[in-house]
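Read the structure below first, then the notes.
Each value in this text was obtained by applying a stated rule to the coordinates, not by laboratory testing. Not measured: the values here are computed from a predicted model. Glycine also receives a Cβ, built like all others from the backbone with ideal geometry; neighbour counts cover every protein chain displayed.
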Amino acid sequence: MISSGTNQATSELNPVDPRCEYLVNPLGIDVRRPRLSWVFATERHGARQSAYQILAARTPDTLAAGRGDCWDSGRVDGADSVHVVYDGPELESGERVWWRVRVWDEQGRGPFESVPAWWEMGLLKPGDWTGRWISLPSAVDEATSDRSPSQLPCPYLRATFTLTQPVTRARLYATARGLYDAHLNGQRVGDALLAPGWTDYASRIQYQTYDVTDLLHQGPNRIGAMLGAGWYCGRVGFLGAHSNYGRFPELLVQLVVEHPDGVVTVVSDASWEGMTGPILAADLLMGETYDARAELPGWDHPAAGRDGWSAVRVSDRDQTPLVADRAEPVRVVEEIAPRSLTVRDDHVIVDMGQLMTGWVRLRAAGPAGTRIQLRFAEVLNPDGSIYTENLRGAAQTDVVILRGAGDEVFEPRFTFHGFRYVEVSGYPGDLTPERITGRVVESATERTGSFSCSSDMLNQLQRNIVWGQRGNFLSIPTDCPQRDERLGWLADAQVFARTACFNAGVAAFFTKWLDDVADAQSAEGAFSDVAPRLVDLADGAPAWGDGGVIVPWILYLCYGDRRLIETHYDGMTRWLAYLERHNPDLLWKNRRNNDFGDWLAIGAETPKELIGTAFFAADARLLARMARIIDRAGDAARYDALADRIAAAFVDAYVTPDGRVQGETQTGYALSLQLDLLPVDLRPAAARHLAEDVERRGGQLSTGFVGVSHLCPALTENGHVETAYRVALSETYPSWGYMIRHGATTIWERWDGWTDERGFQDPGMNSFNHYAFGSIGDWLYRYVAGLDVDPARPGYEHVVMRPYPGGGLTWAQAEYQSVRGRIASAWQIEDGMFLLDVTIPANTTATIAVPTAAPTPDRSTADDSTLETLNADGDGQVTAPEDARFMRWEPGRAVYAVDSGRYTFRSRLSTPAP
Ligand code: BGC
């Protein structure tokens, strides 16, 4: 589903979908100079903004009256509509600003106005927080033993307070060292899950802001929260360790209640009381145990009794910054009904039909003390039992004990599982499909892209990629959601980021994660393998650490986000300086640390030093570009020169005069071509060797994590389009098609996760939901559908449409809701004619490179009249809409420039038979 954010199709240039820092009306941000963006709904040809004015007001009424008493940008000429920086007075904590934009079109008509929007500041100064961390003493005492705090009952904490006047506005600012679920007067606050999310808790802790005006009333009120161990003190990663950041969960809240004539603040402090309840244990990896007999009915109601509640433990806040959560919360975004239920021995196997991340909601009725166990698995053994060996130490098992009160509903709070199958044992009576529901949990990023074509296999691949992304974008980009790992590996993120940016609005999500990457950088300047960095994991290996440079660049391309470059520039330069310092001869020989190489490549081994050196050069080149973007010309020149020298060293060390790259692997060739390491005259030969390797393997790939995203683009851009399609469409092992033929509904970690000959790979490392190999998605959008951005005008200010038909596909289409509005490309082939239908959003321009078999005229003489002659000739015809401007011929393409709007082109792809 594409959310266009608009419902007006008009010829007027109405600005729609106003956003602040990528979000719609964000509540509680701490970006001091937030950026404002808008898009346009009209498909009118040539619609363009010639000027804008932003009005920002302190009340909705002032704004409605057309006044910007907080900030009035005045009329600003130009087409800026993305990331316009708020330039009014410094804002206070809790201040809400109402804003709208008015624009004038290319003929000066206007102003056309957006609907009003707002943003609200969070708590901006450390001194704003007056509460203290509170916890439950029993949790603290027991956590001094070796037991993981996640194996202890979850604390419930609460306080009562009386409001003597009506409430005009109330905000709850809440966070935890651990996880929290906040409650007010018997209701859960908001729908965010697993808050405050994962950060390096020693470097920064996120807080969330909730509008709780409607949950409070004059008289007695009760505030409360349940706490879970989560990433803070539960188990994380494969080292079996718990308590990575602390020994017990703690809560910090601040409730700010405004009355008609004053403000009352309620905070976490010694006045709170605590108790344990039904959640006997909750761990992200191990699962949750819930004993309904220990429920605390009404614990969060003002009138509830005090039996068993005792004083909380209080500790002072330290200097750790509390930062506003800036990304979409984790939420339940979809429910799935089971596809089938199979009774086996003493249990039932439930098939959700889709490998997903989250949990199930279970309904059951039975005698008090009935113990129901739910075990979650990705795949089944050949005998139909669940396969759990690949989960390693992650038990992902939920247990519910009934209280015997009729129909009871269970859903966990402080865990998540990666699964398609659920083994239910101990269920009283018949488990029917209505009694068990899959709850899909993810960072609730908005779906922005879709791709489909005439190949069912590629369509399934696209679905699997999207599910892989959804299942692994949970607070941070994880490698996998099921086994005892679930870490933010930088290479996985780096290779998949471009694909991710198409499928969903991941700018805010990645902006948050790039802070984790920055927090994880070593004092020496090394980016890490994983972020948040777990203490024992090493400094960045080639292609892993480089994620710290590549991801900001990709976000800049896709979202035009220059501020990210500014924010992370120093960190990136320190990384490059670290590489340079340890590798004076410009080949990345030293400090390759974990040196994973082309991880999980199949049947080929790319020399690791070569991989490292390729990324070293790429970093320098990207840094040169980024330096230029933020006006540091001196740095840019220096980094360009460095990139040139590394590339020269690369060629000297690893490339033969006939374009053979050491190791002669697909990854070696793809990196050399796509990371721009080869002199122009060697590129065709290198590309030929690459294509030959693929053909020699019968059209099969051999790339691992590092090479996979570059393989099809390298082939396609260098004249081997059909070879690229052959790889992409293959259903023979190893390939995406092979996974799909074997029932994959996500992307496997390994090409040989399961083979007909060998069955399952080594369970020590065999996830069925890793997105890295899903990075082929970028090729589907950018090459098959041809929808791309011009790096010189990022954020799709200028769109490049360059579809590469091939592989026998008869049609393909992609849509993308960019920060500039909706872009679409759809092509089909009929009787040798190529029909291309493109939509370019208002206030942008595009280059359309239409494939054609038309004889390419001599470039020096090609102009409009040449084209007209060709048209008149009939053969090799290209028909373009009148207002598309012919620019030039390229081999096999006629290139046009268009302004915004929808356009259709027709060209002849093959010469008709005589
Ligand atoms: C993870 C990967 C990661 C890798 C490092 C694996 O265990 O699952 O996705 O990039 O280790 O090589």
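Annotations
- Amide H within-cut-off set for residue 386, under 5 Å, with H built and near neighbours excluded: 381
- Directionally averaged projected area (convex hull, Cα atoms, region 492-547), nm²: 3.8 nm²
- Exposed-loop-free span, longest in the chain, where GluC sites (Glu not before Pro) count as exposed if DSSP calls them loop and at most 10 other C-beta atoms lie within 10 Å: 93-756
- Where both bridge residues fall in the chain, DSSP classifies roughly 95% of the beta bridges as antiparallel.
- With q set to 0.18, 0.19 Å⁻¹, the log10 of I(q)/I(0) for region 595-634, from the Debye formula over equal scatterers at the Cα positions, is -0.59, -0.62.
- Take the Cβ atoms of residue 641 and residue 696, set R0 to 30 Å, and the FRET efficiency comes out at 0.20.
- Region 559-713: Rg to Rh, with Rh as the Kirkwood radius over Cα pairs: 0.99
- Rounded FRET efficiency, nearest 0.05, which uses the C-beta distance separating residue 202 from residue 24 and R0 of 45 Å: 0.90
- Put in order of Cβ neighbour count within 10 Å, fewest first, the listed residues 37, 475, 243 become 243, 37, 475.
- For residue 900, distant residues with modelled amide H under 5 Å away: 46, 47, 843, 844
- Computed over the chain, the percent of Cα pairs more than 54 Å apart is 15.
- Relative contact order, percent, the chain [alpha-carbon distance under 8 Å, six or more residues apart]: 10 percent
- Most positive-pole-ward Cα, 555, 520, 596, against dipole of region 520-616 from beta carbon charges: 555
- Top positive-direction residue, dipole computed over the chain with Cβ charges, set 738, 642, 364: 364
- Each label was represented as a point 7 Å from its Cα along the Cα-to-Cβ direction; for residue 585 and residue 69 these points are 7.1 nm apart.
- When only Cα pairs below 8 angstrom with a gap of at least 6 residues are kept, region 163-216 shows a relative contact order of 49 percent.
- Cross-link partners of residue 512 among lysines, defined as those whose alpha carbon lies under 27 angstrom from its own and excluding same-chain residues fewer than eight positions apart: 125.
- Sparse-neighbourhood loop sites, trypsin sites (Lys or Arg not before Pro) in region 292-384 - DSSP loop, at most 14 other Cβ within 10 angstrom: 306, 317, 339
- Computed E for residue 459/residue 762 - FRET, C-beta separation, R0 30 angstrom, nearest 0.05: 0.45
- Values of log10 I(q)/I(0), in the order q = 0.11, 0.14, 0.19, 0.24 Å⁻¹, for region 278-370 under a Debye, Cα-only, solvent-free model: -0.66, -0.99, -1.30, -1.37
- Over region 1-120, the fraction of Cα-Cα pairs per 10 Å bin, rounded to whole percents and listed from the shortest bin up, is 14, 47, 31, 8, 0.
- A straight line joining the Cα centroids of region 208-249 and region 623-685 runs 48 Å.
- Given +1 at the Cβ of Lys and Arg, -1 at the Cβ of Asp and Glu and no other charges, the dipole of the chain around its Cα centre is 800 debye to the nearest 20.
- Simple spin-label estimate for residue 365 and residue 130 in nanometres, 7 Å along Cα-Cβ: 5.1 nm
- Three principal axis lengths of region 741-848 [C-alpha, angstrom, descending]: 53, 36, 19
- Net length available on complete extension from residue 383 to residue 447 is 19.3 nm, with 0.36 nm assigned per residue and the Cα-Cα distance removed.
- For region 723-741 versus region 563-605, the gap between their alpha-carbon centres in whole angstrom: 31 Å
- Here region 294-401 is assigned +1 on the Cβ of each Lys and Arg and -1 on the Cβ of each Asp and Glu. Its dipole about the Cα centre then comes out at about 160 debye.
- Stretching residue 314 away from residue 333 to a fully extended chain increases their span by 3.3 nm, per 0.36 nm per residue minus the current alpha-carbon distance.
- Label-zone membership for region 662-679, site residue 688, 7 angstrom Cα→C-beta point, backbone N under 20 Å: 662-674, 677-679
- Fraction of antiparallel bridges per DSSP, region 269-405 only, in percent to nearest 5: 85 percent
- Chain lengthening between residue 409 and residue 162 when straightened (0.36 nm per residue, less Cα-Cα): 85.7 nm
- When both region 89-142 and region 328-391 are represented by their alpha-carbon centers, they are found 40 Å apart.
- Relative contact order of region 110-230, defined on C-alpha pairs under 8 angstrom at six or more residues apart (%): 33 percent
- All lysines inside 19 Å of residue 589 as judged from Cα atoms, apart from same-chain residues fewer than 8 positions distant: 608
- Evaluating 6.51 cos²θ - 1.76 cosθ + 1.60 at θ = phi - 60° for every residue in region 834-842, the Karplus couplings come out as 9, 10, 10, 10, 10, 10, 10, x, 3 Hz, glycine and proline recorded as x.
- Binned Cα-Cα distance frequencies in region 133-240 - 10 Å width, integer %: 13, 41, 30, 13, 3, 0
- Dipole magnitude for region 409-459: about 120 debye, using +1 per Lys or Arg Cβ and -1 per Asp or Glu Cβ, origin at the Cα centre.
- Vicinal HN-Hα couplings computed from phi for region 362-375 (Karplus, 6.51 cos²θ - 1.76 cosθ + 1.60; Hz; Gly/Pro x): 10, 10, 7, 9, x, x, 3, x, 4, 10, 10, 10, 10, 10
- Spin-label model, residue 87/residue 271: points 7 Å from Cα along the beta carbon direction are separated by 4.6 nm.
- Note that region 616-623 has calculated 3J(HN,Hα) couplings of 4, 5, 4, 4, 4, 5, 5, 5 Hz, one per residue in order, obtained from phi through the Karplus relation 6.51 cos²θ - 1.76 cosθ + 1.60 (θ = phi - 60°); glycine and proline are x.
- Cα gyration tensor of region 334-406 - equivalent ellipsoid semi-axes, whole Å, descending: 23, 15, 14
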